[in-house]
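Engineer: Have a look at this one before I ask anything.
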Amino acid sequence: MNKTSLRLPIIIFLLSAGFYFYQFLVQVSLGVVSDSLMQDLSLKATMLGVISSAFYYLYVILQLPVGFVLDRYSTRKILFGTMLLFSVSIFIFAVSHNILILVLMRIFMGAFSAFAFVGALVVINNLFPLRFYSLMAGITEMMGALGAIFGTALFAMATKYYPWREVFVVLSILGVILALLIRYFMRDERNHHQNKLQQSISLLSQITYFKSVLANKQIVAIAMYAFLLWAPVLIFASLWGIPFLDSNHQLNLAQAASAIAFIWLGIAIGSPLLGWLSEKIKLRRVLLIVGALIGLIGSAIVIYMDNLSWFAISGWLFLIGLSAGVQTISFAITRDNSEKSVRGVATAFVNMAAVLSGILLQPLAGILLDLHAPHTKVYSSADYRFALVIIPACYILALITSIFFIKETRCQCK
């Protein structure tokens with residue numbers, strides 16, 4: 001492909017990856033406005049955890065159907081429609097004072113955003129030669145992390161001067177603009193490398209393939225590792241990290257938000273870098289072990305050590321994010337351990353497991369906070385340390401899983 005022929009595909013790719021950027025921006029928003037939201041709506045930590053985790057309910061369930069739908073219908077229409085509905089859900093969330101509607105809108109946001117990452121991969125597969133796939137998939141992952149960085153900084157800055165509701169309304173308007181750009185620029189071209197037989201696979205076949213994936217002990221172990229490794233990111237970076245840093249390390253909102261952004265910066269750098277490194281050294285399992293070990297050390301220091309400077313906290317959070325970049329390797333080792341006919345389903349299963357950690361453990365942290373401090377809505381350093389013990393616990397279990405249950409593939413596929 002020459003530069004001229006690449007121009008439109010690159011624009012289309014950037015718009016689809018922009019959807020993924022945008023949905024990550026929305027994911028992390030509650031972590032920044034958590035105190036304002038709790039005061040505005042008189043929420044306890046448990047309910048805030050429920051509202052935040054609601055984003056992942058349908059997101060997880062829809063991972064397999066999303067791939068099926070995008071393979072068979074207009075990518076342009078689907079991404080335009082889901083991006084538009086996603087933006088409408090944000091607007092309703094911004095103006096609502098009803099807890100049930102807030103939870104429902106977060107569920108809808110997750111459902112519509114489920115199309116973002118898979119949609120970007122479909123665009124890559126449809127419009128680019130196969131040799132670009134790994135690189136551009138890594139760039140898409142990086143776009144998500146950059147969305148989290150930008151979102152954390154944006155919400156910290158904007159909510160300093162404007163009510164959180166007004167900020168969300170502006171965010172929804174930006175989403176509508178992105179939807180219209182997708183509608184105008186995107187094309188539904190199919191890559192000539194795409195397998196015609198694969199396009200005709202029925203949903204029933206997908207379910208059959210899913211059963212075969214569940215029978216693969218290595219894939220199940222990798223999914224468990226993905227769950228345990230990504231849980232600290234969703235617990236700390238997406239929700240409880242900023243209020244914890246405020247309480248435990250006396251950082252103001254801007255300082256705490258900028259420190260949390262270093263987790264996402266580490267993920268943005270680590271995802272493509274560690275994926276490349278695993279291919280270079282022909283080892284996967286050892287990097288999974290190192291990632292869990294660094295996460296364990298870093299989280300224990302940040303959560304349980306006192307008198308850390310902003311620079312020290314940011315440095316350790318960057319290392320935690322860098323270690324979370326091995327999540328990319330979990331997808332690569334999934335590919336190594338699965339037959340070609342079920343690789344898509346296996347990858348979706350591992351991704352589902354990673355996101356499932358948010359559904360289960362974000363509310364659990366809130367429950368533990370309320371158990372430790374049942375008569376207050378202002379939580380102390382001791383309260384947060386009690387609740388966030390689940391983070392190093394996840395890393396310990398991930399370490400055990402990678403050492404004893406995951407086998408080295410040396411980058412060799414089945």
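Engineer: Residues in segment 345-382 that are in a helix (DSSP H, G or I), touching a residue at least 24 places away in the same chain (Cβ under 8 Å) and closer than 17 Å to Lys44 by Cβ: how many?
Structural biologist: Within segment 345-382, residues that are in a helix (DSSP H, G or I), touching a residue at least 24 places away in the same chain (Cβ under 8 Å) and closer than 17 Å to Lys44 by Cβ number 8.
Engineer: Search segment 77-94 for residues that are over 13 Å from Gly110 (Cα atoms) and pair each with any residue that is assigned to a helix (DSSP H, G or I) and of a type in the set (Ser, Thr, Tyr) when their beta-carbon atoms are under 6 Å apart and the residues are at least 6 apart or on different chains.
Structural biologist: So the pair list comes out as Phe91/Ser172.
Engineer: Follow-up question, since we're still on this one. Against the condition modelled with pLDDT of 90 or more, more than 19 Å from Gly295 (Cβ to Cβ) and assigned by TED's automatic domain parsing to the domain that holds Ile313, how does Ala256 come out, does it pass?
Structural biologist: Criteria met by Ala256.
Residue-by-condition table, conditions (1) within 19 Å of Gly49 (Cα to Cα); (2) in the same structural domain as Phe227 (by TED's automatic domain parsing); (3) buried (at least 16 other Cβ atoms within 10 Å of the Cβ):
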residue: Val302; (1), (2), (3): no, yes, yes
residue: Ala312; (1), (2), (3): no, yes, no
residue: Asp336; (1), (2), (3): no, yes, yes
residue: Thr347; (1), (2), (3): no, yes, yes
residue: Ala354; (1), (2), (3): yes, yes, yes
residue: Leu364; (1), (2), (3): yes, yes, yes
residue: Ile391; (1), (2), (3): yes, yes, yes
residue: Lys407; (1), (2), (3): no, yes, no
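Engineer: May I ask you to list the residues in segment 340-354 that are touching a helix residue (DSSP H, G or I) at 6+ places or on another chain (Cβ under 8 Å) and either modelled with pLDDT of 90 or more or more than 23 Å from Ile263 (Cβ to Cβ) (or both)?
Structural biologist: Scanning segment 340-354 gives Ser341, Val342, Arg343, Gly344, Val345, Ala346, Thr347, Ala348, Phe349, Ala353, Ala354.
Engineer: Would you call Val342 more than 17 Å from Ile269 (Cβ to Cβ) and either outside any loop (DSSP other than H, G, I, E, B) or assigned by TED's automatic domain parsing to the domain that holds Leu121 (or both)?
Structural biologist: Yes.
Engineer: Is one or more of the residues making up segment 88-101 among the hydroxyl-bearing types (Ser, Thr, Tyr), more than 29 Å from Leu245 (Cα to Cα) and more than 18 Å from the chain's Cα centre (by Cα)?
Structural biologist: Looking for residues that are among the hydroxyl-bearing types (Ser, Thr, Tyr), more than 29 Å from Leu245 (Cα to Cα) and more than 18 Å from the chain's Cα centre (by Cα), one finds at least one in segment 88-101, hence yes.
Engineer: Right, next: Asn126 versus (1) in contact with an Asp or Glu (Cβ under 8 Å, 6 or more places away or on another chain); (2) at pLDDT 85 or above: which is the lone unmet condition?
Structural biologist: Checking Asn126 against (1) in contact with an Asp or Glu (Cβ under 8 Å, 6 or more places away or on another chain); (2) at pLDDT 85 or above, the one that fails is (2).
Engineer: Go through segment 79-101 and give me each residue that's aliphatic (A, V, I, L, M) and surrounded by 20 or more Cβ atoms within 10 Å (Cβ to Cβ).
Structural biologist: Of everything in segment 79-101, those that are aliphatic (A, V, I, L, M) and surrounded by 20 or more Cβ atoms within 10 Å (Cβ to Cβ) turn out to be Leu79, Met83, Ile90.
Engineer: For segment 295-312, how many residues meet the condition of being in a helix (DSSP H, G or I) and farther than 22 Å from Val326 by Cβ?
Structural biologist: The total comes to 4.
Engineer: Going by what's in this entry, would Leu135 be described as over 18 Å from the mean Cα position of the chain (by Cα) and assigned to a helix (DSSP H, G or I)?
Structural biologist: So Leu135 fits the description; yes.
Engineer: Same structure, new question: Name the residue that is surrounded by the fewest Cβ atoms within 10 Å (Cβ to Cβ), counting only residues in segment 41-77 that are within 19 Å of Val26 (Cα to Cα) and among the hydroxyl-bearing types (Ser, Thr, Tyr).
Structural biologist: Among those that are within 19 Å of Val26 (Cα to Cα) and among the hydroxyl-bearing types (Ser, Thr, Tyr), it is Tyr57.
Engineer: Can you list residue pairs whose Cβ atoms sit under 8 Å apart, with the first residue in segment 9-36 being within 14 Å of Leu121 (Cα to Cα) and the second being of a type outside the set (A, V, I, L, M) and outside any helix (DSSP H, G or I)? Count only pairs 6 or more apart in sequence or on different chains.
Structural biologist: Pro9/Phe128; Ile12/Arg187; Phe13/Phe128
Engineer: Here's another thing I want to ask about it. Of the numbered conditions (1) among the hydrophobic types (A, V, I, L, M, F, W, C); (2) modelled with pLDDT of 85 or more; (3) part of a helix (DSSP H, G or I), Leu64 satisfies every one except a single condition; which is it?
Structural biologist: Every condition holds for Leu64 apart from (2).
The values are calculated or read from the model by the stated rules, or taken from the named source; none is laboratory data. Here the structure is a predicted model, which is why all the values come from computation and not from measurement. No Cβ is skipped: glycine too gets one built from the backbone with ideal geometry, and neighbour counts run over all protein chains shown.
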